[in-house]
Amino acid sequence: MELYEFTVHELIEKLDKKEITSSQITESYLKRIKEKEKDVQAFVTITEDSAKEKASEIDEKIKRGEKREKLEGIPIGLKDNLCTKGVKTTCSSKMLENFVSPYDATVIKKINEEKMISLGKLNMDEFAMGGSTEYSYFHPTHNPWNLNRVPGGSSGGSAAAVAANMVPWALGSDTGGSIRQPSSLCGVVGLKPTYGLVSRYGLVAFASSLDQIGPITKDVEDNAILLNIITGHDEKDTTSVKREKVDYTKSLVKDVNGLKIGLPKEFIGDGIDEEVKNALLETAKIYESLGAKVEECSLDIGKQALAVYYIIACAEASSNLGRFDGIRYGYRTEKFDNLREIYINSRTEGFGPEVKRRIILGTYVLSSGYYDAYYKKAQKVRTVIRNEYQRLFEKYDLILTPTSPTVAFGIGEKSNNPLQMYLADICTVPVNIAGLPGMSIPATVNSEGMPIGIQLVAKHFDEETIFRAAYTFEQKVKFREKYQPKFKN
Amino acid sequence: MQINDEEVLHIAKLARLKLKDDELENYKKNLQEILDFADTINHVNTDNIGETIGINENYNVFRKDEIHQENNREELLKNAPSQDEGMFRIPKVIN
């Protein structure tokens, strides 16, 4: 067995027993990247030299008899919208093609403090706007399970790299499903934490009231380990919340006895692929057999949530992306005679079509005459959606839905139909609207061998219940033991 | 609501974007489709419902007014497309 096939908690064990070194792990992943990157194209930047250098420094230190910290010497991959000092942060956009952040994002600071080793920056839809990673300025990423399919998005590079064993784990960001949907489509575990649990400082902003950083991992245990590292209040993000630090690995117990799970009937109805639906119902049965109480309920907010999402997310994006003006950083046009032309031409040449589409929609709903009808109304409906969840959580500990209505679709299949692409977010978007935590875990594969993920959603800051239920399920179905990506064409 | 060319061009101008003819056509169509879909929220009763502005209850987060030196000028200027004597350089705006 190659080292790149192990989970992080298995690697930690081997490091602790001194069976392996950090350099061996790092070399193993770099070798795997060399083999698979031409097919998967998960990366924007590979930091091979600095990774090797860091690994050998750590090995030297251990040879000297110094103690190794828990995650010291473990490699990681990073979505390319997380600011990394000294390494390009492009957001997969021409606008930031050569941008090198002068500071580290708070999550990057935390993983550096753990002395983890970055293998590089991972591909995404431009500025995280998309659900297929086809909107990357550089290249699309391919799904390791079938190279003609999309990996999902926007954290498609992160999910594909974890699925392909090109990184042991990765960080992504999720505004409307951008961690969970690619995790589902690539057969890995992805968590969007509660809004406010993880600092967004240094995450290039898309929609600030929805964005959240989270872990994408091979299994549930790794997910808890990585979440432990990145949580915490941060003075630099006023929406991050002051709470006592939780050790999520304590929730990794095989016990769902008495847990109350709601299964909203709207998420097993129209628009959900038959095989996805069956996988969900099978999951519900498994939970029942394990002692949980699964009950059908109603959560009729899918379409409204999607509408609210595209109004609020685009409004916030149009405002956040106002900073790209060709003056202080980012792309500047060569064609200008005055300041206004710098703004217009830099933005027109620097942003891709999907980003422009969303800026236009966002500007429209915020413009005078439409503000009340769209933006203000959407904010009110957002309250209604939150209340709906609250109502359900008075009765249930968890809500179980599909993560994505379909398995991974073909590259090019939806890229010319924005509304179709947006509809693919129907299961994940409501969770961001309400600021709740949600995790996608692989359940099974469909008749074509493509992974199907299911989503567990809990109350605000109740990631512990998600981990408990996800871990119990994972130990029962053993997805990773049964299925591995085949890289078929 | 029917969206016309002038409206899309006005919005693009506000957003500091220039649209080619085919882009204008395309974005007009997309915008129409998405707004038609978004109309579903008008069927939701929001009488006596407040707006959700942020998700958590944080309100007016204060910090001590202390000076921290975070980034230095040189480092910040490294990303500037054009700079001069420690400042961002732009074309002349006042004649």
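Per-atom-type breakdown for segment A:303-379 gives carbon and sulfur 47% of the accessible area (1.4 Å probe, protein chains only). Chains B and A together bury roughly 5400 Å² of accessible area, counting both sides, with a 1.4 Å probe on protein heavy atoms only.
Distance between the C-alpha centres of segment A:340-404 and segment B:23-83: 9 Å, rounded to the whole angstrom. Think of each Lys and Arg Cβ as +1 and each Asp and Glu Cβ as -1; about the Cα centre, that makes the dipole of the protein assembly as shown roughly 660 debye.
Residue separation of A:Asn387 and A:Lys109 scaled by 0.36 nm, minus their Cα-Cα distance, works out to 96.5 nm of gained length.
Of all DSSP beta bridges confined to the protein assembly as shown, the antiparallel ones make up roughly 70%.
Per residue of chain A, the DSSP helices (runs of n ≥ 4 H) give a summed -39500 (n - 2.57) that works out to -11500 deg cm²/dmol at 222 nm. Per-residue accessible area (protein heavy atoms, 1.4 Å probe) orders A:Ile359, B:Ile67 as B:Ile67, A:Ile359, starting from the largest. When only alpha carbons are used to place a centre, segment A:1-31 and segment A:468-486 end up 21 Å from one another. Applying both filters, DSSP loop and at most 13 other Cβ atoms within 10 Å, to the GluC sites (Glu not before Pro) of segment B:1-84 gives B:Glu57, B:Glu66, B:Glu70. Label-to-label distance for B:Glu66 and A:His233 is 1.5 nm, based on points extended 7 Å past Cα in the beta-carbon direction.
A crude spin-label estimate for the pair B:Glu74 and B:Val93, with each label 7 Å from Cα along the Cβ direction, gives 2.8 nm. Taking Rh as the Kirkwood radius computed over C-alpha pairs, what is the Stokes-Einstein D of segment A:410-471 at 37 °C in a medium of viscosity 0.692 mPa s, expressed in µm² per second? It comes out at roughly 241 µm²/s. Evaluated at q = 0.11, 0.13, 0.15, 0.26 Å⁻¹, a Debye calculation over the C-alpha positions of chain B (equal weights, vacuum) places log10 I(q)/I(0) at -0.82, -0.95, -0.96, -1.28. Per the Debye formula with a single identical scatterer at each Cα and no solvent contribution, what log10 I(q)/I(0) holds for segment A:439-481 at q = 0.18 Å⁻¹? Evaluating at q = 0.18 Å⁻¹ gives log10 I(q)/I(0) of -0.54.
Evaluating 6.51 cos²θ - 1.76 cosθ + 1.60 at θ = phi - 60° for every residue in segment A:455-468, the Karplus couplings come out as 10, 10, 10, 10, 5, 3, 6, 9, 4, 4, 5, 4, 4, 4 Hz, glycine and proline recorded as x. About the centre of its Cα atoms, segment A:96-136 shows a dipole size close to 240 debye [charges on the beta carbon of Lys, Arg (+1) and Asp, Glu (-1) only; nearest 20 debye]. Our summary of shape: the Cα atoms of segment A:303-379 have principal axis extents of 43, 22, 18 Å, ordered from largest down, in whole angstrom. Summarised as an ellipsoid, segment A:41-140 has semi-axes of 29, 12, 11 Å, derived from the eigenvalues of the Cα gyration tensor scaled by 5 and square-rooted, with the largest first. Computed from the alpha carbon atoms alone, the convex hull of segment A:197-348 holds 193 Å³ per residue. Remark: segment A:8-54 carries 51 Å² of accessible area per residue (probe radius 1.4 Å; ligands, DNA and RNA excluded). Whole-percent P(r), the protein assembly as shown, all Cα pairs, 10 Å bins from 0: 4, 18, 29, 28, 16, 5, 1, 0.
Given R0 = 25 Å, the distance between the Cβ atoms of A:Lys34 and A:Glu481 translates into a calculated FRET efficiency of 0.40.
Averaged over its residues, segment A:283-427 has an accessible area of 37 Å² per residue, based on protein heavy atoms and a 1.4 Å probe.
In this simple spin-label model, placing a label point 7 Å from the Cα along the Cα-to-Cβ direction at both A:Glu19 and A:Asn257 gives a separation of 3.3 nm. The sum of -39500 (n - 2.57) across all DSSP H runs of n ≥ 4, divided by the residue count of chain B, sets its helix-only mean residue ellipticity at 222 nm to -10500 deg cm²/dmol. Placing +1 on each Lys and Arg Cβ and -1 on each Asp and Glu Cβ, with no other charges, gives chain B a dipole about its Cα centre of roughly 500 debye.
The values are calculated or read from the model by the stated rules, or taken from the named source; none is laboratory data. Predicted model, so just to flag it, every value in this text is computed and none were measured. All Cβ positions, glycine included, derive from the backbone under ideal geometry; neighbour counts span all protein chains shown. Only protein heavy atoms, including side chains, enter the accessible area calculation; ligands, DNA and RNA are left aside. Shrake-Rupley method; radii C 1.70, N 1.55, O 1.52, S 1.80 Å.
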